[in-house]
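Engineer: So that we are looking at the same thing, I have put the structure below in structure tokens.
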Amino acid sequence: VQLAESGGGLVQTGGSLRLSCVASGNTFSIKRMGWYRQAPGKQRELVARVSNSGGRTTYADSVKGRFTISRDNAKNTMYLQMNSLKPDDTAVYYCNAEGPYGEVLSWGQGTQVTVSS
């Protein structure tokens with residue numbers, strides 16, 4: 001499985017961005033997918049996850065009510081709609097894909113999100 005993120009950029013506080021993650025390869029093996037982020041000097045942290053069907057989602061407390069995760073399995077694509085962005089959201093955002101036993105199948109290369117104050 002290969003993953004490729006896009007959609008990052010520079011935005012002002014309060015602005016919005018939409019990240020995309022396109023999967024290729026053995027996509028039939030992908031179950032749960034997720035978005036993670038890593039800020040300079042900090043550990044990588046979970047932002048949001050979505051189940052295989054898209055019906056179940058979980059979010060980090062810091063992004064609840066502002067971010068929305070979704071996926072379109074017909075397009076092998078996962079999205080992260082980010083609204084009301086804050087400087088603390090500045091990080092490299094990564095997507096990942098898990099297999100049927102929760103094993104990590106792949107990570108994307110990351111996309112930079114920078115929120116200016």
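Engineer: Can you give the FRET efficiency to the nearest 0.05 for S29 and S117, using r as the Cβ-Cβ distance and R₀ = 41 Å? Can you show the working numbers first?
Structural biologist: Numbers: r = 42 Å, r/R0 = 1.02.
Working from the Cβ atoms, E equals 0.50.
Engineer: Whole-Hz ³J(HN,Hα) for each residue in segment 26-43, computed from phi via Karplus 6.51 cos²θ - 1.76 cosθ + 1.60 with θ = phi - 60°, x for glycine and proline: what do you get?
Structural biologist: 7, 5, 5, 7, 6, 10, 6, 10, x, 10, 10, 9, 9, 8, x, x, 10, 6
Engineer: Now, a different point. Using the alpha-carbon centroid of each, what span in Å lies between segment 7-23 and segment 55-111?
Structural biologist: Answer, in whole Å: 11.
Engineer: Taking all protein chains as present, what is the carbon and sulfur share of the accessible area of the chain, in % to the nearest whole number, probe 1.4 Å?
Structural biologist: Carbon and sulfur together cover 47 percent of it.
Engineer: Please give the charge dipole size of segment 42-108, origin at the Cα centre, charges +1 on K and R Cβ atoms and -1 on D and E Cβ atoms. Round to the nearest 20 debye. Walk me through the intermediate numbers first.
Structural biologist: Working: 9 positive and 7 negative charges, 29 e Å.
Magnitude of the dipole: close to 140 debye.
Engineer: Testing the spin-label approximation: label points 7 Å from Cα along Cα→Cβ at A39 and S16. State their distance in nm.
Structural biologist: 2.4
Engineer: Rounded to the nearest whole Å², what accessible area per residue is found for the chain with the 1.4 Å probe?
Structural biologist: 53
Engineer: Skipping prolines and chain starts, which residues have an amide H placed within reach, meaning under 5 Å, of the one on L105, given they are 5 or more residues away or on another chain?
Structural biologist: When sequence neighbours closer than 5 places are left aside, the close amide H contacts are A97, E98, G99.
Engineer: In nm, to one decimal, how far is the T57 label point from the V104 one, both placed 7 Å along Cα→Cβ?
Structural biologist: 2.3
Engineer: Could you compute how much accessible surface Y36 exposes when probed at 1.4 Å, giving the result in Å² to the nearest 10?
Structural biologist: About 30 Å², ignoring ligands and nucleic acids.
Engineer: Same structure, new question: Mind putting a number on the dipole of the chain about its Cα centre? Charges go on the C-beta only, +1 for Lys and Arg and -1 for Asp and Glu, and I need it in Debye to the nearest 20.
Structural biologist: Approximately 180 debye in magnitude.
Engineer: Then there is this: What ³J(HN,Hα) values, in whole Hz, does the Karplus curve 6.51 cos²θ - 1.76 cosθ + 1.60 give for segment 77-90 when θ = phi - 60°, with x put for Gly and Pro?
Structural biologist: My calculation for segment 77-90 gives 10, 10, 10, 9, 8, 10, 10, 6, 5, 10, x, 5, 7, 4 Hz in order.
Engineer: Please sort 64-75, 103-114, 85-96 by packing, taking for each peptide the average over its residues of neighbouring beta carbons within 10 angstrom, highest first. Walk me through the numbers before you get to the answer.
Structural biologist: Values: 64-75: 14.2, 103-114: 16.3, 85-96: 19.5.
In decreasing order of mean packing, 64-75, 103-114, 85-96 become 85-96, 103-114, 64-75.
Engineer: Over the chain, calculate the relative contact order: mean separation of alpha carbon pairs under 8 Å at least 6 apart, over the residue count, as a percent. Kindly include the intermediate steps, with their values, before the conclusion.
Structural biologist: On the way: 290 pairs, mean separation 43.2, N = 117.
Computed over the chain, the figure is 37 percent.
The values are calculated or read from the model by the stated rules, or taken from the named source; none is laboratory data. Quick caveat, the model's predicted, so the values are computed rather than measured. Heads up, the Cβs are rebuilt from the backbone with ideal geometry, glycines too, and the neighbour counts pull from every protein chain shown. Remember, those area values only see protein heavy atoms, side chains included, never the ligands or the DNA or RNA. Shrake-Rupley method; radii C 1.70, N 1.55, O 1.52, S 1.80 Å.
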